[in-house]
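Quick notes on the structure that follows.
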Amino acid sequence: MQPITWENYTPTGWGPEGMPEVDDVRPHQCPRCRKPAKEGARVYLQGHGHRVREVVVRPAVEDLEPLVVECWSRRYRCTRCGAVVTVLPVGVLSRCLYSVMAIVHAFILVSAAPVGAGLSEEEAYDIQGMNPSRRWTTPFPYRWRSLDRWRKRIGSWWPGCRGVSELLVELFSRASRSGLREVLAVAVGSHIQWGAAM
């Protein structure tokens, strides 16, 4: 797991300058056909280019604004089945602007006490959301729709957890101390440990 520098809440090695070599992050097998990436000198899961994408790294904690940085993304193509595999830095999710730390922090903001802050989705978005000035207002309560999408994916990101409450209880119980920094570090580490596809 890449270390997290809590002075500025940014993981090291996420930027394009920290992009690993092709062989360093090549998966051991193709996730679709389950065949080995290499057999002897033959490589079946071949490098298929790289990209740079944006991700919300830092949760909006301790009066700091959310931080958006560029991160690397390596792609591989299986010559057997044609699957394209994307490998991302630890804590970055495929097809998500928000990192694992930012998503878990959003869950903490909207969850009821004593685990969470008990904020409304509108208040949480004003703290953690990336475009609070663009949020339209209506007489109806604001819905941060990303929270619903993230809730549905908890079971695939953290196998064994069925909902936000169960996830947060598990993360807080695994943290050495009850501070937000420790809980977010556990969230990143447990996501990788539990083997969710990145």
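The values are calculated or read from the model by the stated rules, or taken from the named source; none is laboratory data. Keep in mind it's a predicted model, so treat the numbers as computed, not measured. Here the Cβ positions follow ideal geometry from the backbone for every residue, glycine too, while neighbour counts run over all protein chains shown.
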Checking residue 187 against (1) modelled with pLDDT under 85; (2) assigned to a helix (DSSP H, G or I), which test does it fail? (1)
Among the candidates 80, 53, 75, residue that is surrounded by fewer than 17 Cβ atoms within 10 Å (Cβ to Cβ), under 18 Å from the mean Cα position of the chain (by Cα) and at pLDDT 90 or above: 75
Scope the range 149-170; condition closer than 16 Å to residue 98 by Cβ and modelled with pLDDT of 90 or more; matching residues: 149, 150, 151, 152, 153, 154, 164, 167
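Do you know which residues across the range 85-106 are of a type outside the set (Val, Ile, Thr) and surrounded by fewer than 23 Cβ atoms within 10 Å (Cβ to Cβ)? Walk me through how you get there before you give the answer.
Applying the first criterion (of a type outside the set (Val, Ile, Thr)) to the range 85-106 yields 88-89, 91, 93-99, 101-102, 105-106.
Within the range 85-106, 88, 93, 94, 95, 96, 97 qualify.
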Looking at the range 24-33, can you tell me whether even one residue there is more than 17 Å from the chain's Cα centre (by Cα), modelled with pLDDT of 90 or more and part of a strand (DSSP E or B)? yes
Just checking, how many residues over the range 145-165 are surrounded by 14 or more Cβ atoms within 10 Å (Cβ to Cβ) and farther than 17 Å from residue 95 by Cα? 3
Residue 173 vs. criteria more than 17 Å from the chain's Cα centre (by Cα), assigned to a helix (DSSP H, G or I), modelled with pLDDT under 90 and of a type outside the set (D, E, K, R): yes
